[in-house]
Structures are given as C-alpha cells and as structure tokens.
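To start, the structure itself, in structure tokens.
The values are calculated or read from the model by the stated rules, or taken from the named source; none is laboratory data. Remember, predicted model here, so these are calculated numbers, not experimental data. Quick reminder, even Gly has a Cβ in these numbers, built from the backbone with ideal geometry, and neighbours come from all protein chains shown.
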Amino acid sequence: MYYLSFQTFFIFSLLNSAISGLLNYKPAGVYNIENNTVTEYLGIPYAKPPTGKLRFMPPEEIDELKENKTFEAKYPAATCPQFIPPNIFPYNFSGFSVWYPPRNISEDCLQLNLWQPEKTTGGVIVMIHGGAYYSLSASLDIFNGSVLAAVARSVVVTINYRIGALGFARWKDGKNITGNMGLLDQQMALKWINQNIHLFGGKKDKVTLIGEHAGSSSAVAHLFAEGSKNFFSKIITASGTLENIWATQPNEYIENSTVLLAKNLSCADKTDVLSCLQNISDPMAFVNSSNIVRRQMGLSFGFPFAITQHDGKFFKTNISDMSIDKDMKKNFSIMLGDTGNEGSFFLYNYFGKFGCTINFTNVEDPSHQCLINNTAFENITQIITNVLGKDEEWRKKLQDQYGYNKDSNEDKVKNRNMLSKIMSDILFDCGLKRFAEQIVNTTSSKVYYYIYNYTFSSNPWPKWMGAVHASSMEAVFGYPYRYPQLYSSALIEKDKNISSYIMKIYGNFSSGTTLYSELYEYNRTSKNVGVLDSMLTGPFPKYYINDSYTQKCDLFSPYILKPKINETISKK
C-alpha cells in the first residue's frame, strides 16, 4: 500500500516500485502525474534519533550511507509523538480528520519525504508543517508532494521536526535544555537538503521554504538564524510570522511550562532533572503531561511550548532585540499571506460556549450558525481584553473600531462576523501586516502579499466560515487531483484549475521564472494585496485590494503581544 496512491489508483500509475535510487536510496515508486514523472522517496533520516541521551539535545548529523548499503525509502517519515484523536464522532468530521497524521508514532522521527519530478526547473520547495508546535507531520496525507512536484516542476521535500515539549521545552535559564530543538531539527534538515538536493535534480540556490501556521512562523525564524541563512533563498508564508501573538514566547514563559511538565512527570525535584526526563521510557508521557500543562495555563492565544525568544543556539541573541535591517538574511524574496477568514475557526474553537456551535451532522443547520447575541459579544470581548492584559477603555475602543453598537438592534450575524474579524486581526492579519511593513521599509527584498479566498466544493465547514485557516493547503498540494471523488462533479474541473494555478505560482516563485499578474509587489508606495480566489481562472482580469489593516491594527500595538506569565503557578 503506497503512501502516494492508496486511494488514487485511477489517477496515478505505478511504474516501478523497485528502482534503485540515487545515493543508494531505493524509492517507494515512480508515478505518472499531469504529464510528468515523479519519483517518491519516503522516510529518509537526516539526523540521529533524538532518543535516550539525545532527548532534548540539539540534533546530531546522521552517518552517511556507505557505497554498499541501500536505504529502503519506502515508508513515510514516522509521526513525532503527539495526541491523535480517535476515529469516532465528532473527531471523525472531515474538517478535523484531514489533519490527523499517520499513527506510526515514534520518537525516532527526524526524517523527510521527497518527490523528484523528471521535468524540472531545478526549484526546490521545502514544506515545514504547522500544528501549533505540538501536532501534525511531514507525512500528513494532505502534504503529499507528488502533484505539487509534477505541476510546479520542482523537487518537493516535507520535513519532520520535534514538536511539543520534546521540541520546545526549556529548563530554567536554559540549563541543559536550551529550547528551540525543533528549529534546530529544521536547520539540520535544511543542511541535508543543501548537501544532497542536487542529486535529486534540485538546485541548492533555488530552495524555497514554505509553511503553514507554526510551520510558517518557523520558516520566518530561519531568516534570523545564522546557521540557516545559506540554506534557502525564498519563503512563502501561509498564516504565520514571528510577529504573531502565538508564534514566540519569552524564555520565562517556556521555562514555567517546563517546570509544570517536570512536576507532572515527577522529575522537578530530582537532582538531575535532565537525566530523569531522558530516562522516561514512553515518549507519549510528555504528550500527556503537556496536555495537562495546557489546561493548567488556562486560556491564552499562545502555546505552552513554542519558539523560545532567546536560546543561544538557534537565535544567538534575543529575537525581540533583533532588527530587520541588521539581523535578517539579506537578498531574499518572500510571498506573505493568509486566508480570507482566519478567525472563523478560532471563534468556534475558543468561544463555543457562547453560542458559536456547529452541528457536525448538518453544518448548515440554521440553529448552529455561530449566532452571537449582544451579551455573548460583550462577554467574548471582555475575555479577549483580559487575555491581552488590556483595560475597559481599550475594550470599548475595540468594540467601536469594529462597528459594535450595543444600543442598536441586535444583529447576531453582524456580531459573529465582527468577532471573526477581530480574531483574524489578533491572531494573524496584524502580525502579517507589521512584518510586511518592516521588510519593505528597511530592506530591498522583494515582497509579495496575498489573501487566499477560495473555498472548494469539498469544503466541509459551514458557508459562513469562508476560507478557513489552513484551507490554502488543499490547493497548494493538489488535493483535487488526488481525491476527485470528494468534490462536486459540476465543479471539480474549476477546483482543479484553481489548484493548478496556485501550484504553478509556487513553482514559478521557487524557480525564479515569470510570476503571475495577481502577485503585485508590495512596497513602500504600493500597498497591494493580491487576491487568490475564483477569479484566478475566470475571463475577467485578476485583481488586488489595497491594504486596509492599518487603523484597526493600531489597537494591537505592540504587535508581538504575549499572554501574561502566571508568576505563582510554578510555585504551587
């Protein structure tokens, strides 16, 4: 059963699964896809297993294959330790389950998957998966790079890295556990790609990092890491930069989370805490303990284990002290963007108890359309105010800025849409805007700004949610080509065309060939944001919108907002 095509034999034809691979890597197979031939390599290790004494340590380089040894690159990269929900209602709702990785969980997961097209421009697209720093995998089915490789004519690589506490814990003052191990894993993978990608038809000077959510903010982090800067030349972000409220945390916040973790694992009071943690045999113990920590920390818009702002290894200095003009990689190009309605999913996720509910057996059920009455609106904006550490005056400004008037006739739909926009701005849009402004005002790097605003006919979510968080990945990885049965027969060709168009944008950007007209350059004089929606394949001219975030985003200054650290929680 092949990772590429276990449900898609009618699209891809397996030509030969026993071809000897380059560098003694034997591929999983060779496939005909969209007038191209793609060779698939799965589960290639790029670092030593981070187990035993290497747990919580920076990754170590793997030994090279000897000439007489062959690696069977036939099995998907193992899923790093994480919680995967059971296949029962409501967890089996397709909007959730598409994000569940394979259940081949192992701490020995520092591996990558690679797709090599026969017809290639030499471009290389490296996907860093998201998942809030604690979930997902390079082997997630939606990240299968076969179609993207064929259409973009670029080598596609998806990389694993340590996640959760195993990848982002930090002990007090960085003693023994420095933090950002997951970023160092990514850096090691990029080094492997830099050294080997020419053997797979890629050019090391045409490497583009792409990512979604935490993978996107991770990609941006490499712009500020001396050890990474020579391993890529371009970035495409999707819903994440270091400016976002959830993307990084102060050292003390991560250290506080790690103390709680160690207490839950009965290691906090040991003389040698690191040794105690390294001797825990079941890596899932860290996952279970991290879930407890998340509950103990209460509601915030961040995560207990995330990018540490200053670890001394990946970031040589505190990123809050770094400047775009002095500390960031020079001479790169970047496509920045997110989806048209980022906040809708998080409105449901955070505030379901206030009436924002979904009937997963009938998502268009009129009684479950996240209709927010005035009382709920007031309560939710109060919670947002508290989480951000603001006062009542600020809350009133927030409500006024987004058009709320408690004295007017109650409009539950308008309230919902206002809150969705507020969540979009807080979690994504304003940080993205700020980062774009910093780049164009202080560097000569090329910046392209986009909004992904297309919903496929397979969309499982209620229509009011629009282009939800992470929905662009369906287009980027050619999902309509792999699973056409999930789409409307009347709309499948349009869905395919939209996906193809976007894959070609990624391929052209990576290879350096001509860009499409909807990607207007964002610079000091032209604040243009290209819209990627149904108009892409229509008869009318492509269009863009002028940036419109500035006034509302002033409310959320400074842009790197962090939840307050509970000074007493680690002392209990």
List, please: which pairs have Cβ atoms under 6 Å, are six or more places apart or on different chains, and start with a residue in segment 87-112 that is more than 29 Å from residue 45 (Cα to Cα) and end with one that is surrounded by fewer than 20 Cβ atoms within 10 Å (Cβ to Cβ) and polar (S, T, N, Q)? none
When you look at residue 359, is it among the polar types (S, T, N, Q), assigned to a loop (DSSP other than H, G, I, E, B) and out of contact with any Gly (no Cβ under 8 Å at 6 or more places or on another chain), yes or no? yes
Of all residues in segment 34-57, which are among the charged types (D, E, K, R) and in a loop (DSSP other than H, G, I, E, B)? 34, 48, 55
Any residue in segment 490-514 that is closer than 17 Å to residue 457 by Cα and among the aromatic types (Phe, Trp, Tyr) sitting within a Cβ distance under 8 Å of a residue that is buried (at least 18 other Cβ atoms within 10 Å of the Cβ) and at pLDDT below 95? List the pairs, counting only those 6 or more apart or interchain. 501/536
Restricting segment 433-466 to residues that are modelled with pLDDT under 95 and charged (D, E, K, R), the one surrounded by the most Cβ atoms within 10 Å (Cβ to Cβ) turns out to be 433
Options 308, 241, 258; residue that is under 30 Å from residue 511 (Cβ atoms) and surrounded by 18 or more Cβ atoms within 10 Å (Cβ to Cβ): 241
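Quick check on segment 452-466: of everything there that is in contact (Cβ under 8 Å) with a residue 60 or more places away in the chain and closer than 18 Å to residue 497 by Cα, which residue is nearest to the chain's Cα centre (by Cα)?
Residues of segment 452-466 that are in contact (Cβ under 8 Å) with a residue 60 or more places away in the chain, as a first pass: 452-454, 460-466.
Cutting the leftovers down to closer than 18 Å to residue 497 by Cα gives us 452-454.
On the way: 452: 15, 453: 18, 454: 19 Å.
This residue is 452.
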Any residue at all in segment 436-443 that's within 21 Å of the chain's Cα centre (by Cα) and within 17 Å of residue 212 (Cβ to Cβ)? no
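Which of the following residues is at pLDDT 95 or above and under 15 Å from the mean Cα position of the chain (by Cα): 137, 106, 146? Step through it out loud before you land on a result.
Values: 106 fails: under 15 Å from the mean Cα position of the chain (by Cα); 146 fails: under 15 Å from the mean Cα position of the chain (by Cα).
Answer to the check: 137.
Are any of the residues in segment 236-255 of a type in the set (Phe, Trp, Tyr), farther than 30 Å from residue 472 by Cβ and assigned to a helix (DSSP H, G or I)?
Kept after step one, since they are of a type in the set (Phe, Trp, Tyr), are these residues of segment 236-255: 246, 253.
Retained after the next criterion (residues that are farther than 30 Å from residue 472 by Cβ): none.
Checked segment 236-255: no residue is of a type in the set (Phe, Trp, Tyr), farther than 30 Å from residue 472 by Cβ and assigned to a helix (DSSP H, G or I).
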Residue count, segment 294-315, condition farther than 16 Å from residue 134 by Cα, in a loop (DSSP other than H, G, I, E, B) and at pLDDT below 90, comes to 2
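Could we say that residue 381 is at pLDDT 95 or above, crowded, with 17+ Cβ neighbours inside 10 Å, among the β-branched types (Val, Ile, Thr) and in contact with a helix residue (DSSP H, G or I) (Cβ under 6 Å, 6 or more places away or on another chain) here?
Working: at pLDDT 95 or above: yes; crowded, with 17+ Cβ neighbours inside 10 Å: yes; among the β-branched types (Val, Ile, Thr): yes; in contact with a helix residue (DSSP H, G or I) (Cβ under 6 Å, 6 or more places away or on another chain): yes.
Yes: the conditions hold for residue 381.
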Selection from segment 517-550 of residues that are in a strand (DSSP E or B) and at pLDDT 70 or above: 521, 528, 529, 530, 531, 532
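Tell me, which residue of segment 70-81 that is of a type outside the set (Phe, Trp, Tyr) and surrounded by fewer than 23 Cβ atoms within 10 Å (Cβ to Cβ) is farthest from residue 361 (Cα to Cα)?
Taking segment 70-81 first, the residues of a type outside the set (Phe, Trp, Tyr) are 70, 72-74, 76-81.
Subsequent filtering for residues that are surrounded by fewer than 23 Cβ atoms within 10 Å (Cβ to Cβ) retains 70, 72, 74.
Values: 70: 49, 72: 42, 74: 37 Å.
Per the criteria, the residue is 70.
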When you check residue 276 against the structure, is it free of Cβ contacts under 8 Å to residues at least 60 places away in the same chain and touching a Lys or Arg at 6+ places or on another chain (Cβ under 6 Å), yes or no? yes
List the residue pairs whose Cβ atoms are under 6 Å apart, where the first residue sits in segment 389-418 and is in contact (Cβ under 8 Å) with a residue 12 or more places away in the chain, the second is exposed (fewer than 12 other Cβ atoms within 10 Å of the Cβ) and part of a loop (DSSP other than H, G, I, E, B), and the two are 6 or more positions apart or on different chains. 389/564
Every pair of residues 6+ apart whose Cβ atoms lie under 9 Å, when the first sits in segment 215-229 and is part of a helix (DSSP H, G or I) while the second is charged (D, E, K, R) and surrounded by 24 or more Cβ atoms within 10 Å (Cβ to Cβ): 216/338
Looking at segment 43-52, can you tell me whether even one residue there is hydroxyl-bearing (Ser, Thr, Tyr), surrounded by fewer than 20 Cβ atoms within 10 Å (Cβ to Cβ) and without any contact (Cβ under 8 Å) to a residue 40 or more places away in the chain? no
Specify the residue that is farthest from residue 258 (Cα to Cα); the eligible residues are those in segment 130-169 that are buried (at least 24 other Cβ atoms within 10 Å of the Cβ) and of a type in the set (S, T, N, Q). 154
Let me spell it out: the conditions are (1) under 30 Å from residue 249 (Cβ atoms); (2) free of Cβ contacts under 8 Å to residues at least 40 places away in the same chain, and residue 338 meets all of them except one. Which number is the exception? (2)
What is the one condition in (1) in contact with a helix residue (DSSP H, G or I) (Cβ under 6 Å, 6 or more places away or on another chain); (2) on the phi < 0 side of the Ramachandran plot; (3) surrounded by 21 or more Cβ atoms within 10 Å (Cβ to Cβ) that residue 429 does not satisfy? (1)
Are any of the residues in segment 186-206 in a loop (DSSP other than H, G, I, E, B) and under 16 Å from residue 233 (Cβ atoms)? yes
Say whether the condition of being closer than 30 Å to residue 419 by Cα, among the small types (Gly, Ala, Ser) and not in a helix (DSSP H, G or I) is met by at least one residue in segment 470-487. yes
Confirm whether residue 397 is among the basic types (Lys, Arg) and closer than 30 Å to residue 94 by Cα. no
